[in-house]
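The structure under discussion appears below in the form of structure tokens.
Just so you know, all these numbers are worked out from the coordinates, no wet-lab data involved. Here the structure is a predicted model, which is why all the values come from computation and not from measurement. Every residue, glycine among them, receives a Cβ derived from its backbone with ideal geometry; neighbour counts consider all protein chains shown.
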Amino acid sequence: MISVTEEEVAIDPADYAQAKINKSLSSKDKIGLLREMLRIRRFEQVSLKFYNQGVMGGFLHLYIGQEAVAVGTISLMGDNDHIITAYRDHGHALAVGMSMNECMAELLGKATGCSRGKGGSMHYFAPDKNYWGGHGIVGGQTPLGLGLAYALKYKGLKGCCFCYMGDGAVNQGAYHESLNLAALWKLPVVYVIENNKYSMGTTIDRSSAMRNCLAERADGYGIVWDIANGEDLYEVRAKAHNALERAHKHSLPTVLEIDTYRYYGHSVADANAKKYRSPEEIERYKAHHDPLRLWEKRLVDEGVMTVEEIEKLDESIKDEANAAAQFALDSEFPAPETIFEDVYWEVDNNTESGSTGRHFFGD
Amino acid sequence: MPQITYRKAINDALAEEIIRDENVVIIGEEVARYNGAYKVTEGLWERFGDKRVVDAPISEAGFIGMGVGASMLGIRPVMELMFWSFAYVAWDQIINNAGQVRYMSGGLINCPIVIRGPANGGTNVGATHSHTPENFIANTPGLKVVCPATAYDAKGLMKAAIRDNDPVCVMENTLLYGETWEVPDEEYVIPLGVADIKREGTDISFIAHGRAVITALKAAEILAAEHGIQAEVLDLRSIRPLDEEAILKTVAKTHRVVLVDENKPFCGVSSQIAAMIQEQAFDDLDAPVQRVCSLDAPAIYSPALEKIQLPTPDRVVYKALQIL
């Protein structure tokens, strides 16, 4: 490691709840974190029903089991902090505050979807909430995240980009090129490797050469790295906060590998989801390592919420998800003429540049 | 009017846009301290410093993708590819990210990025360094592509490309960098999607883009001198958007067309133009549309053969005479 910030030293590894960034959380904040994790889980459970009923098309990559990663990291974001992720993107979208309505409608390809039905499950966007997608090609978003960080530094803003990726993406060349550039130009980017242990059906030991962990490869570029336990919201926040501070104060990158687990297959269409790993393994994670249940237990133990209050909150979020499902079903499909919208900014905005020459061909 | 090189015209366009807009930044391999592999960015680093002119390591996917990401937040990066042939290692960033992110976000995002560099054969560097990917780029809705043939056009189109709010790919030509044309001192911008008649004629139309325009002009001189035939030369300048009106107008005027195109013939730019002419101007034609493209094999190294692999004035003259 090339630098250790003060905050890092301050963390007691035995109890991340005592980290400064977590001690400052009010009861309301803690309940808010639970609400965001519940929103992700309930939203996705409804979307899974849609998928199984054939109401939606394409792929559906579920985030269930990984909720603490998105919620913990995104809860740290300030006005000039931005995020970008890959195709398992519902969790990040909901955590930045996107509505279930626009997200559900997008799954169904409706005009009311966040991308007007043009992106689908893998391509959610909300630039107004500093959320830059939602990207379908493994590792393809890693240079984009670097670019967001470059823009922040260029403009002299004290900000950071959390660029999320899966453990499968660490073997893409674009990621390594990005690490080199991030270190070379001291860019405020945090690569968050959400290590759910399987790149589709291939285990880490069959896909990635490493000494101890994936983040350690950052050593080769002189980038500070860390690992975090993704089932513990406090730990995720404490370690991500260190990375954020490094970006804000020193304009330096970090690679943060967060150990996590997905309960469903790579996508719902993953026919081998229970073949490349045992049902017992999945059950073990659900029973003992579920970030949501563990956070609920924390809140009860800390006296922040009662079990009844949690159930009540959960019911209200189920209602939100069911209402979003109805909203999506009731929404209209986009009109055929919208196929040619959102291709060129200059055409959409009817500018002079958008009106010279022909932009679209065929009939 | 001052005579300046194609290279200097682009250099002037870049300098003027750096001064005009604080968000314009030049990024690429050897663009700063080395002054550019082809000296297009000569002197810019000295004038504008580290922030505005940035040397990138050899990581096209990384730095082009970085430029795309920065453009989403309002930076206007002008990315140099030492050769457009090197774009192939950055293809995902150019096609999927620069080209599709606006659409997939339902119009929430735009990428005001320029990707520029030479895209031509004819310099004895073999197949991997001689690609002409304007047809690939033009095949991707969301991207724009321009191919200037003269210094005047290179400057005006480059300025339009930098000011455009969509991703624009500017394909230059190393064989033209040292050629000179008249370029006024006064500021001007050439809109994308507006073709230009480089030579008036009445008997036949040559339609071309990039250096093929120069080839077509030479062929036109030969036809005039040796056969008394007046060929019109239409320079497309911009492939997408495309000035279809100008194409149809020259076809209606001369009724005979030879398309001159340094692309390979299969699915090249001229394939699209030919299809468009037969769909929309069939009745105006007095003869089948002819094409002169690069010969359909990878770019050969051997200097003697490479000269004839690219369209030559003689091949254009030959095709023209067949339909006159």
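Quick rundown of the values:
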item: Sparsely packed chymotrypsin sites (Phe, Trp or Tyr not before Pro) within the range B:164-223, loop by DSSP, other Cβ within 10 Å at most 12; result: B:Tyr188
item: Per-selection Kirkwood Rh - the protein assembly as shown (Cα, Å, 1 d.p.); result: 27.0 Å
item: Inter-probe distance in nm under a simple model that places probes 7 Å from Cα toward Cβ, at B:Ile308 and B:Ile222; result: 1.3 nm
item: Amide N proximity, the range A:180-207 versus A:Glu281 label position 7 Å along Cα-to-Cβ, cut-off under 19 Å; result: A:194-207
item: Hydrodynamic radius of the range B:58-165 per Kirkwood, over alpha carbon pairs, in Å; result: 14.4 Å
item: Within a Gaussian network of chain A (alpha carbon springs, distance under 10 Å), most fluctuating of A:His288, A:His176, A:His82; result: A:His288
item: Relative contact order for chain A, counting Cα pairs under 8 Å that sit 6 or more residues apart, in percent; result: 22 percent
item: The range A:51-192 shape via C-alpha gyration tensor axes, a/c threshold 1.5; result: prolate
item: Enclosed volume per residue, in Å³, of the convex hull spanned by Cα atoms of the range B:196-322; result: 99 Å³
item: Most fluctuating residue given options B:Met276, B:Met158, B:Met82, as computed from a GNM of chain B linking Cα atoms under 10 Å; result: B:Met276
item: Partner aspartates and glutamates for A:Lys239 [C-alpha distance under 15 Å; skip if fewer than 8 residues away on the same chain]; result: A:Glu6, A:Glu7, A:Glu8, A:Asp12, A:Asp15, A:Glu194, A:Asp226, A:Glu231, A:Glu257, A:Asp259
item: Whole-angstrom gap from the range A:302-338 to the range A:91-114, using each part's C-alpha centre; result: 11 Å
item: Distance in nm between pseudo-label sites at A:Asp319 and B:Leu295 (7 Å out along the Cβ direction from Cα); result: 7.8 nm
item: Estimated FRET transfer efficiency (B:Glu46, B:Ala127; beta-carbon r; R0 56 Å; 0.05); result: 0.95
item: Value at 222 nm in deg cm²/dmol, rounded to 500, when DSSP H runs of n ≥ 4 in chain B each add -39,500 (n - 2.57); result: -10000 deg cm²/dmol
item: Inter-part distance where the range A:151-197 and the range A:254-288 are each reduced to a Cα centre, Å; result: 24 Å
item: Violating pairs (Cα-Cα greater than 22 angstrom) within the set A:Lys186/B:Lys51; B:Lys39/B:Lys264; A:Lys20/A:Lys318; A:Lys23/A:Lys186; A:Lys129/A:Lys186; A:Lys49/A:Lys274; result: B:Lys39/B:Lys264; A:Lys20/A:Lys318; A:Lys23/A:Lys186; A:Lys129/A:Lys186
item: Pairs of alpha carbons in the range B:1-96 whose separation is greater than 22 Å (percent); result: 28 percent
item: Number of partner chain Cβ atoms within 10 Å, mean per residue of A:133-144; result: 6
item: Kirkwood Rh, angstrom, chain A [1 / mean 1/r, Cα pairs]; result: 21.3 Å
item: Percent of C-alpha pairs per 10 Å bin, the range A:167-256, short to long; result: 17, 48, 31, 4
item: Peptide-level mean, for A:174-183, of C-beta atoms on other protein chains within 10 Å; result: 5
item: Relative counts (whole %) of C-alpha pair distances in chain B, using bins that are 10 Å wide; result: 6, 27, 34, 23, 8, 1
item: Rg followed by Dmax, in Å, when the range B:220-295 is reduced to its Cα trace; result: 12.6, 36
item: Under the span-like rule (Cα at least 24 Å along the axis, Kyte-Doolittle mean at least -1.0), DSSP H helices of chain A; result: A:27-53, A:307-330
item: GluC sites (Glu not before Pro) within the range A:238-333: DSSP coil, no more than 10 neighbouring Cβ in 10 Å; result: A:Glu332
item: Highest-fluctuation residue, A:Gly156, A:Gly139, A:Gly166 considered, GNM on chain A with Cα pairs under 10 Å; result: A:Gly156
item: The range B:33-128: GluC sites (Glu not before Pro) in DSSP loop, at most 16 other beta carbons within 10 Å; result: B:Glu42
